[in-house]
């Protein structure tokens, strides 16, 4: 099972492998307190796309389309997450305040479509 969760939420027993999928380290979070198993910053949206989107929900559809294009060029990282998901539950961690429209939710959908 693949789940998404805000990185600032406490780790849960059912999180499985916790993978941070943001390009930037979350503000105010110490690395020794984060309980992150893997940080795949290169699977996150490019800096250009991230800055353009800026969590503007009016741009959500175009953000998703552009990020899906970027993911199609990062198959090694996608395969790495899929391998983790084949062996255990995976929680994709993100720092954004927006829970429904962020890179982790797009990535989750992308991964589930390929299972």
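Derivation of every value follows stated rules applied to the coordinates shown; laboratory data play no part. These numbers were taken from a predicted model, which means no experiment stands behind them. Don't worry about glycine lacking a Cβ; one is built from the backbone with ideal geometry, like all the others, and counts go over all protein chains shown.
Pairs are defined by a Cβ separation below 6 Å, a sequence spacing of at least 6 or placement on different chains, a first member in the range 16-30 that is within 12 Å of residue 94 (Cβ to Cβ), and a second member that is assigned to a strand (DSSP E or B); the pairs so defined are 18/91; 18/93; 19/38; 19/92; 20/39; 20/93; 21/92; 22/94. Screening residue 5 on (1) in a helix (DSSP H, G or I); (2) under 11 Å from the mean Cα position of the chain (by Cα); (3) surrounded by fewer than 18 Cβ atoms within 10 Å (Cβ to Cβ) shows it passes everything except condition (1). Looking only at the range 69-79, residues that are in contact (Cβ under 8 Å) with a residue 12 or more places away in the chain and farther than 13 Å from residue 107 by Cα come to 0 in all.
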